[in-house]
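Everything below concerns the one structure shown next.
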Amino acid sequence: MTLYFLFPNFLLQKEYGKFLLFYLFLLIIVTLFIQRVLYFYIIQPTYLQDFKSGNFFAITEVMNTLLDINIAAIIPFGYVFFKNWKKTNQRTIELENKQLEYLSGDKFIYLKVEKSLQKIFIKDIVFIESLKNYIRVKTTEREIITHKSITSIQESLPKEKFLRVHRSYIINLDFIDSFSPSKLNLKGITIPIGRKHKDEVKNTLGYF
């Protein structure tokens, strides 16, 4: 009931109050009318004669039974919940990493910001900065911070337009206002050129 009815009809629909209410109701029904009946009238008289309880509704025994059922239910439920979360997360990642799409001739990528996916047009990206496990994407209109590595997003960008100039920076060549052997200026923002990237930057920009 939990896996095939409550989970898809309430928890996945974000009706958490109804899910908890029906789950508690289900626990009580199973405890009193199934598990407790089996234990009190079959298991206890047959196998546990030295531990007989004279009260079917003994609070401590009912609570122990309810707890046992809850633990037994949580194990498969947790597994299914994890599989569903993993599947949903995988879909999100696939959509995030979807290679260059087209909309009215403009290429774009999706970036996950909190709980939503936001469309970012490639042509609007000025530069991308690495912030350890996050990246800061500076566009002509806004600034976005998302949980993603700079290497993974670099794979989604056209190489003819974007250049890795530093371990922490990728820049859009179209927005370069000026440059020198050690730094670039994009829209009034100074971007350093990393030592390991100097030759590639030099060859791409054509300075000597």
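So what's the net charge close to Thr190: Lys and Arg +1, Asp and Glu -1, counting the other residues with Cβ under 14 Å from its Cβ?
Within the 14 Å Cβ shell, the charges total +1.
Loop sites only, by DSSP: take the GluC sites (Glu not before Pro) in the chain that have at most 12 other C-beta atoms within 10 Å and name the longest stretch containing none of them.
Longest site-free region, per DSSP loop and neighbour criteria: 1-113.
Computing the accessible area with a 1.4 Å probe over protein heavy atoms, can you report the carbon and sulfur percentage for the chain?
58
Please name whichever of Phe81, Leu131, Gln13 sits farthest to the positive end of the charge dipole of the chain, dipole taken about the Cα centre and charges placed at Cβ: Lys and Arg +1, Asp and Glu -1.
Result: Leu131.
As a test question: what accessible area, to the nearest 10 Å², does Ser130 have when a 1.4 Å probe is rolled over all protein chains in place?
Accessible area of Ser130: about 30 Å².
Which residue, Lys196, Lys87, Lys119, has the most motion in a Gaussian network model of the chain that connects Cα atoms within less than 10 Å?
In this elastic network of the chain, the residue with the biggest mean-square fluctuation among Lys196, Lys87, Lys119 is Lys196.
With the other protein chains left in place, how much accessible area per residue, in square angstrom, belongs to the chain at a 1.4 angstrom probe?
Per residue, the chain has 67 Å² of solvent-accessible surface.
With an 8 Å cut-off on Cα pairs and a minimum separation of 6 or more residues, tell me the relative contact order of the chain in percent.
10
Considering the values [x] 0.99; [y] 1.13; [z] 1.76, which represents Cα Rg over 2.2 N^0.38 Å as calculated for the structure under consideration?
Given [x] 0.99; [y] 1.13; [z] 1.76, the structure-derived one carries the label [z].
Translational diffusion coefficient of the range 140-188 at 37 °C, 0.692 mPa s, Stokes-Einstein with Kirkwood Rh over Cα pairs, in µm²/s as a whole number.
Roughly 271 µm²/s, to the nearest whole number.
Between Ile29, Ile171, Ile153, find the one with the highest GNM mean-square fluctuation for the chain; connect C-alpha pairs within less than 10 Å.
The residue with the greatest mean-square fluctuation here is Ile29.
In deg cm²/dmol and to the nearest 500, what is the mean residue ellipticity at 222 nm of the chain if only DSSP H runs of at least 4 residues count, each as -39500 (n - 2.57), divided by the residue total?
Result for the chain, helices only: -11000 deg cm²/dmol.
In the range 1-80, which trypsin sites (Lys or Arg not before Pro) are in a loop and have at most 11 other Cβ atoms within 10 Å, using DSSP for the loop call?
Lys14, Lys52
So which residue, out of Thr60, Thr190, Thr139, gets the largest mean-square fluctuation from a GNM of the chain using Cα contacts under 10 Å as springs?
Thr60
The values are calculated or read from the model by the stated rules, or taken from the named source; none is laboratory data. Remember, predicted model here, so these are calculated numbers, not experimental data. Cβ coordinates were reconstructed from backbone atoms using ideal geometry, including for glycine residues, and neighbour counts include every protein chain displayed. Calculation scope for accessible area: heavy atoms of the full protein, side chains included, ligands and nucleic acids excluded. Shrake-Rupley method; radii C 1.70, N 1.55, O 1.52, S 1.80 Å.
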